[in-house]
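Notes for the one structure printed next.
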Amino acid sequence: EAVGMQRGRLLCSDRLEFPPRSGYKRFSSAAFSSRLCTNFALSVLDGGQADVRVALYDPDAACADLLPHLLACCGDVTAVTDCFEPYLCAADRALEELGAAAVITRRRAELSGCGLVIAPRPVREALPLCEKAVVLTAGKPLVSLNGTVLWRYHFKMPDGFADIKPEELSEEYFCSALYTLRLTTQICLTTETKRNIIRWLYFKETGAFSLLERTDYNGGKTDNADRGRS
């Protein structure tokens, strides 16, 4: 009874096995990994890489609202998608607010000329990438890709917040749940506690803390991320 309607979103160890047909299912979400990926991409472009040709590979248009933020950093952006409407709306907004235009296309061949490719979801199909391309994605690709592929974004919670994390859960899984529950407003912890837990990410290379929430695609704030390599 305590589980109730959340039986399909249980925060638990991946070693836990549920009885068949029980309706219980371990919580899983790609939202946190996707946001780490896209915010690291924005950090790269903010750091002086704005002269590179950028591609946003997003077949399902899951991150169309990212387009204006990329155009604010870089003048040469191509969005490769199979769902045009969200991207056309985002492109119109970018043109109105920034005076910047983007190429919106289904043609995967456009990726071959891009030095930075952002894929907010794990890549599931072979792509015509150049050997020098850098690919930022939210999970290990399911196919072999040319170029340098980065998909692991390492972070560490401050010790005070780690104290309330169940020992059997990884930090990434725990933060993924808190972040996703924030988006759906289905939170078990108090709002302030939950925000504090996911607000800070640790940059391993610099040894400095940075706000998790950076520039939200809908006007609030988003995350920053450290980088990892496949």
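Any read-out appearing in this document is the output of simple, stated calculations on the displayed coordinates, not a laboratory observation. Note that this is a predicted model, so its numbers are computed, not measured. Quick reminder, even Gly has a Cβ in these numbers, built from the backbone with ideal geometry, and neighbours come from all protein chains shown.
Quick look at the values:
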item: Calculated FRET efficiency for the pair Phe18/Arg93, C-beta based, R₀ 35 Å, to 0.05; result: 0.20
item: Descending semi-axes in whole angstrom, ellipsoid equivalent of the stretch 1-153, from the Cα gyration tensor; result: 33, 18, 14
item: 11 Å beta-carbon shell around Arg121, net charge (K/R +1, D/E -1); result: -1
item: At R0 = 30 Å, FRET efficiency that the Cβ-Cβ distance of Ser170 and Asp82 yields, to 0.05; result: 0.35
item: Ranked Val77, Val103, Val44, Val54, criterion: other C-beta atoms within 10 Å, fewest first; result: Val103, Val44, Val54, Val77
item: Neighbour-count order for Phe27, Phe155, fewest beta carbons within 10 angstrom listed first; result: Phe27, Phe155
item: Label-reachable residues, the stretch 66-83, where backbone N falls under 18 Å from a point 7 Å from Asp51's Cα toward its Cβ; result: 73-77
item: Fewest-first sequence of His69, His154 by Cβ atoms within 10 Å of each Cβ; result: His154, His69
